[in-house]
Amino acid sequence: MHNLVFYVIVTLVGAAVTLMANRPARAISLRVGYVAQPDDRKVHQKVTPYGGGAAMLIGFCVALVVADLIPSLRAVITSSHEMFGVLLATGVIFVVGVIDDFREMSAPAKVAGQFLAASILYFSGATMYQLKLPFAGFIVLGPSILPVITAVWVFALCNAINLIDGLDGLAAGIVAIASGTLCVYGLRLEDLGLLPVTNVGPLIAALTCGICIGFLRDNFYPAKLFMGDAGALMLGLLMSASTMVIGGRTPPASGVTFFFFAPLLIPVFILGVPLIDAVWAFVRRTASGQGFHTPDKNHIHHRLMRLGHGHRRTVIILWLWTALLCGFVLFPLFAPGFNVFIPLGVAVMLIALFTWFSPLLNRWTGRGEAVETPEESARR
């Protein structure tokens, strides 16, 4: 992967700029009242400023300018209108998120904003062109169905990231792992001749990974700064754009046997944790007669905390599951002759044992991370 060093550079720039922007974003958010108030459905018990989305947007824009100064990456940016469309759609979805953070938009208005951002991606060309479905074969997407698929995919990922953003550092860490994996995956496909070197997907993924890393320093428990809906929707849109332009343009024969349903399966693996949580939330709320956007405390991370894991350990467990799923994507690309199921199967067992039996061991030994109750937090 001959351009890997340049992608690492823009990732680090995005991380550094976002890290530096966190403090002023926090101060301005507190001054203008752009804050998250604690309530019964939220885990945090103190007023916490939003503004993390703004810091990440600044990091994204500055890192993109730096990428434009690197000749090989400038060719990626200027080869089409896709990156401009991604930048414009990112701005639109960010504004939608800020408005929702301030005044809680109605569900139809919020969905309309997401569909507007998806339309910008579609008209700029930052979308998927082809699809392979089980029992349906390889499908080239026509102009009549492509806008619908683009809108549905953007809606799915934006809401998946938004729903998983319930614990400090959880969403940012998952997206950092997933986008970093997607960047390496895309660059590997370029080396194999399965993607053109001007594909914008790896660059979008690298930028997304960088801003998440820079944000994590102030977002890990106990968080000093939240990303809010502005940040969560923005990350969802960036992930949807990068997965579409990478997964939706990969030839039908990618050489990886258990990803022969690409591009349908690869993004689902990479973003497995938030997507599973989103699907389960939809089923759970629909069955109970609630609206999809009705908040509750039955997400995966809430269940892990009720199982006995503390805040930090719950987040780390879900990071590990995300990294494991990403391993299913990357490992076969770099070691096609090795039985991928042996090391990954061992990892599954180890993480599963840690997830389910660690709280029991803590109860037996009297050790482990304490789970702070709301009453304890209020006294503190």
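No value in this document is a laboratory result; all are computed from the given coordinates. Remember, it's a predicted structure, so these values are computed and weren't measured experimentally. Here the Cβ positions follow ideal geometry from the backbone for every residue, glycine too, while neighbour counts run over all protein chains shown.
Annotations for the structure displayed:
- Inter-site label distance for residue 144 and residue 99 at 7 Å from Cα along Cβ, in nm: 3.3
- For the pair residue 68 and residue 152, label points projected 7 Å from Cα toward Cβ lie 3.6 nm apart.
- Under-5 Å amide H pairs with residue 130, H placed in peptide plane, nonlocal only: 141
- Distance between the modelled labels on residue 106 and residue 4, one decimal in nanometres: 5.2 nm (7 Å Cα→Cβ projection).
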